[in-house]
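*Asks:* Right, I'll just put the structure down here and ask away after.
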Amino acid sequence: MNFKSKRILPVGIFFGLILIAIIIRMNPPEAPQRPAFDGPTMSVETQSVLPRDYNVRLQSYGTVQPRIRSMLIAQVGGQIISINDNVRNGGFFEKGDVLAEIDPRDYEANVQIAEATLADARQALAEAVARSDQAREDWQRLGNEGEPSELVLRIPQLEAAQARVESAGSSLTKANLDLERTRIVAPFAGRAIRKLVDLGQVVSGNTQVAEIYATDVVEIRLPLRNRDLGFVDLPESFRFSDADADNEIGVSIKSDLIGQEEWTARLVRTEGAIDESARQLHVIARIDDPFGPQNEGRAPLKIGQYVTAEIEGRTLQDVLVIPNNTIYQGAYVYTVDDGILRRKDIDITWQNDEVAIIAAGLQPGDELVTTPLGQVTSGIRVSVVGAGSQGARPGRPDGGPNGERPDGKVARSDQPGATQ
């Protein structure tokens, strides 16, 4: 091959490649086209958000405590000669029952001594009165003019005799009182917590005999969250003695110590100061006659027993109430609008373990998505499987609590809503 041919060959190859590229560009290969998909990407269930009246029930917890809790103390000393069989842990007794008795013989003797002393004092007073009267007669018989002096009439001696009579009478009263105190009597109908002395034991004054409490009522101290205070009418404007049915606020007390038990209580007062440790206000609920006949057949309440409570709050008019399981991260929900999934930010007015009252972000008639969703994008097309009517979960139209957490406390409803 000569030199001229060597120069023409590369040029021809170059122009050939350019021609091939032009042909490919003008006639590109066609890839198979997938038809556009306009249908929904997922199916969801919804319910219409409709305004309704809602009775707020606040959740709280506490422990059962007696209204009156006393330590029986001996006021006189001596040997214990009898103990009531009911003065044992859990024993019941009535007001006026003799719970313990101290040997009374010393005190009976003191009463007899005091009676004799009083009799002597009265006899001395009678003699002093007679001498005073005799002195007046002698003054008049001797023809003395004017009023005789007190010393002539023996007035100081008469007053001293009267004072001794009063002193002897007081000593007798005290001796009778000490004798009466040898019988330790129940000041109210109640129940024993513990017995601290026993038969044959010698006690002195101020010795603790037993710890007891009254069984007419029990009380539960219930904390309220600060955000809940605006949803309940607290008993601040009346005293307990003046309370009537119109002012009472109902409380449902529940416990699962021995099965599921429930008691009806009422709020009777609000504490006058914020608790310094919890920074919360506390109210006092009272259960009347917790050990009465109406509570037979159920496990009796125990002092110190942990219970949960539902406090009857205000009834809110025309509010939007939605289940907590439709709220994500406590801040937003999903709705369906013309088959399109929409994310809406919400503001929550009040919330318990099951439902939330919405202040802003939803409108009446919005179709709220009740199906749990993962990481989804607002704006995708969905199909609605079914729509339910607005309300709380079945069986709890008032949206009450679920109960307790595993640690035994009521779940705090100020936590963020369910994160799906």
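*Asks:* Kindly establish whether LEU341 is surrounded by fewer than 22 Cβ atoms within 10 Å (Cβ to Cβ) and assigned to a strand (DSSP E or B).
*Replies:* Here the answer is yes, as LEU341 does meet what is asked.
*Asks:* Could you check, for segment 255-264, whether at least one of its residues is surrounded by 14 or more Cβ atoms within 10 Å (Cβ to Cβ) and in a loop (DSSP other than H, G, I, E, B)?
*Replies:* No: zero hits.
*Asks:* Right, next: Keeping to segment 53-82, report how many residues are over 24 Å from TYR213 (Cα atoms), assigned by TED's automatic domain parsing to the domain that holds LEU373 and surrounded by 17 or more Cβ atoms within 10 Å (Cβ to Cβ).
*Replies:* 6
*Asks:* Output the qualifying pairs, or none if there are none: Cβ atoms under 9 angstrom, residues six or more apart or on different chains, first residue in segment 149-167 and exposed (fewer than 14 other Cβ atoms within 10 Å of the Cβ), second residue not in a helix (DSSP H, G or I).
*Replies:* PRO156/GLU150
*Asks:* Quick one: count up the residues across segment 176-196 that are under 13 Å from ASP85 (Cα atoms) and surrounded by fewer than 18 Cβ atoms within 10 Å (Cβ to Cβ).
*Replies:* Counting residues in segment 176-196 that are under 13 Å from ASP85 (Cα atoms) and surrounded by fewer than 18 Cβ atoms within 10 Å (Cβ to Cβ) gives 1.
*Asks:* When the residues of segment 271-314 are filtered to those that are among the polar types (S, T, N, Q) and surrounded by 15 or more Cβ atoms within 10 Å (Cβ to Cβ), which remaining residue is modelled with the lowest pLDDT?
*Replies:* The extreme case among them is ASN295.
*Asks:* Would you pick out the residues in segment 52-79 that are farther than 20 Å from LEU301 by Cβ and touching a Leu at 6+ places or on another chain (Cβ under 6 Å)?
*Replies:* Selection gives TYR54 alone.
*Asks:* With the structure loaded, tell me whether LEU179 is modelled with pLDDT of 90 or more and either under 30 Å from VAL203 (Cβ atoms) or in a helix (DSSP H, G or I) (or both) or whether it fails that test.
*Replies:* yes
*Asks:* Considering only residues that are part of a strand (DSSP E or B) and out of contact with any Gly (no Cβ under 8 Å at 6 or more places or on another chain), look in segment 344-364 and name the one that is nearest to ARG57 (Cα to Cα).
*Replies:* Among those residues, the one meeting the criterion is TRP350.
*Asks:* Further question on the same structure: So which strands (runs of 3 or more DSSP E) are wholly in segment 33-130 and hold at least 1 residues that are closer than 28 Å to VAL203 by Cα and β-branched (Val, Ile, Thr)?
*Replies:* 69-73, 78-83, 98-102
*Asks:* State all residues of segment 265-290 that are touching a Leu at 6+ places or on another chain (Cβ under 8 Å) and assigned to a loop (DSSP other than H, G, I, E, B); if no residue qualifies, say none.
*Replies:* GLU271, ILE274, ASP275, GLN280, PRO290
*Asks:* Return yes when ARG164 is at pLDDT below 85 and either in contact with a Cys (Cβ under 8 Å, 6 or more places away or on another chain) or in a helix (DSSP H, G or I) (or both) and no when it is not.
*Replies:* no
*Asks:* In segment 234-251, which residues are at pLDDT 85 or above and either surrounded by fewer than 17 Cβ atoms within 10 Å (Cβ to Cβ) or not assigned by TED's automatic domain parsing to the domain that holds PRO300 (or both)?
*Replies:* GLY250
*Asks:* Can I ask one more? Restricting attention to segment 372-387, does a residue exist that is loosely packed, with under 14 Cβ neighbours inside 10 Å and of a type in the set (Lys, Arg)?
*Replies:* no
*Asks:* When residues of segment 294-336 are filtered for being in contact with a strand residue (DSSP E or B) (Cβ under 6 Å, 6 or more places away or on another chain) and acidic (Asp, Glu), how many remain?
*Replies:* Looking only at that region, the number is 2.
The values are calculated or read from the model by the stated rules, or taken from the named source; none is laboratory data. Small disclaimer: the values here were computed from a predicted structure and weren't measured. Glycine also receives a Cβ, built like all others from the backbone with ideal geometry; neighbour counts cover every protein chain displayed.
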